[in-house]
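Enquirer: Mind looking over this structure? Questions follow.
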Amino acid sequence: MSAAPPLGVADSLTREAIEHWLRETDETRLQELWAAADETRRRYVGDAVHLRGLVEISNYCVRGCTYCGIRAGNRGVERYRIPEDVLLECAHKTVEFGYGTLVLQSGEDYGITGEWMTRALRRIRSETAVSAITLSLGERPDEELAAWREAGADRYLLRFETSDESLYRRIHPDLPGRVSDRMSILRRLQELGYEAGTGIMVGIPGQTYASIADDIEIFRGMDMDMIGIGPYLPHPATPLGQEFARRTAEGDWPDDQAANTELATCRVLALTRLARPDSNLPATTALSLADKAGGRVHGLQRGGNVVMPNVTPPEQRELYEIYPEKAAVHETAEAVNAGIRQLLASLGRTVGAGAGGRGAA
């Protein structure tokens, strides 16, 4: 491999340099990348790690996404929706733990109606002291997104997963009569006044490093407030998971296939920090599963400044199986909170105060 190109921030890091670094395997050179990402993180967003309390409010989904364990076609899933009063209890716990943001996540579930969510948001705002509310509920109608913004939601997360159009269609089949266009939805979210977040998976079967370099170029131009980078984790009850298992068993991977490893994901995370220096970048739960010993630690050392502790009640949390063997699935919210704070202390990082908006130090 040729010498690694120089590292820079934002516009000084070229598309060609990004792709080169995505393929880099030399440990000494990678230390340069990790150091550059960590220093950029420190300079632009500070040493504070912002904690977001995650509540997985429903595992119903109308979508047939080929990678996801809660896809509509998986008949082996025990489905649930968290009652409104339980959601309020989770919101109170988020405040009790000192998390700056409450994140409400679900499959694309139209049993969670626009009216139900509007009422729940207003109750959370009137009955708790949460600093910010983030929604991650899939592709919802414009009128619902507008109503939820008015009712008190501050942020919306919608990962576009990959900018490779053909790969996107493989993993996100359109619903009948409806074409998925997440880029336009993200732009509309910004028009409605949301802080918008997006992201990708790393190592999807059929994904190349050239494709990921294109994704990072899109991050550079999208002005997103939060960007989530996580490894693709195969679920055996999905078409893509079965393809992954077959290809792995047969050694049937093309030379340009991007890896779904912790190392590959950290390269994407670090380069995203350089391309979007002031965005919030989480050290994701999926990253901690890709490497149980070091995943989240490495995420925080290589550009990350957000962690999303799970406050979903354990009986529902284990049913929200987008990928298998979720981290800390059987732990109480109290145990998860204690573990994360201990981890941050060991790294010399502080817990961020308040809502932790983009660029907050």
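All of the numbers you see were taken from the coordinates with simple rules; none came from a lab. The structure presented is a predicted model; accordingly, all values stated were derived computationally and were not measured. Glycine also receives a Cβ, built like all others from the backbone with ideal geometry; neighbour counts cover every protein chain displayed.
Enquirer: Which three extents, in angstrom, do the Cα atoms of the chain have along their principal axes, listed largest first?
Expert: 58, 44, 39
Enquirer: Amide H neighbours of VAL202 under 5 Å, at least 5 residues apart or on other chains, H built in the peptide plane: list them.
Expert: Sorted by chain and number, the residues that satisfy this are GLY230, TYR232.
Enquirer: Check ARG52: other-chain or 5+ apart residues with amide H under 5 Å from its amide H, H built from backbone geometry?
Expert: The answer is VAL307, MET308.
Enquirer: Still on this structure: In whole angstrom, and with the biggest value first, how far do the Cα coordinates of the range 255-351 range along each principal axis?
Expert: 39, 36, 23
Enquirer: Between the range 174-234 and the range 67-92, how many Å separate their Cα centres?
Expert: Result: 23 Å between the Cα centres.
Enquirer: Report ³J(HN,Hα) in whole Hz for each residue of the range 153-170, in order, from the Karplus equation J = 6.51 cos²θ - 1.76 cosθ + 1.60 where θ = phi - 60°; Gly and Pro get x.
Expert: Coupling constants for the range 153-170: 6, 9, 9, 9, 10, 8, 6, 8, 6, 6, 8, 6, 4, 5, 5, 4, 5, 5 Hz.
Enquirer: Pairs of alpha-carbon atoms within less than 8 angstrom and 6+ residues apart define the contacts here; what relative contact order does the range 227-361 have, in percent?
Expert: Reported relative contact order: 24 percent.
Enquirer: Right, another one. Could you please report the charge total around ASP47, scoring K, R as +1 and D, E as -1 over all other residues with beta-carbon less than 12 angstrom from its beta-carbon?
Expert: +2
Enquirer: Per DSSP H run of at least 4 residues, take -39500 (n - 2.57); add these up for the chain, divide by its residues and hand me the 222 nm value, nearest 500 deg cm²/dmol.
Expert: -13000 deg cm²/dmol
Enquirer: Out of the DSSP beta bridges found with both residues in the range 143-273, what percent are antiparallel (nearest 5)? Before the final figure, lay out the partial values.
Expert: On the way: 2 of 12 bridges.
Around 15 percent of the beta bridges assigned by DSSP in the range 143-273 are antiparallel ones.
Enquirer: For the chain, what is the relative contact order in percent, using Cα pairs closer than 8 Å and at least 6 residues apart in sequence?
Expert: Dividing the mean separation by the residue count of the chain yields 25 percent.
Enquirer: Using modelled amide H (1.01 Å from N, peptide plane; none on Pro or chain starts), what sits under 5 Å from the amide H of THR208, excluding residues fewer than 5 places away?
Expert: ALA258
Enquirer: So what are the ³J(HN,Hα) numbers for the range 234-246, from phi and the Karplus equation (6.51, -1.76, 1.60; θ = phi - 60°), rounded to whole Hz, Gly and Pro as x?
Expert: Ordered by residue, 3J(HN,Hα) equals x, 9, x, 9, 10, x, 5, x, 5, 5, 4, 5, 5 Hz.
Enquirer: Please figure out what share of the DSSP beta bridges in the chain is antiparallel and state it in percent, rounded to the nearest 5.
Expert: 10 percent
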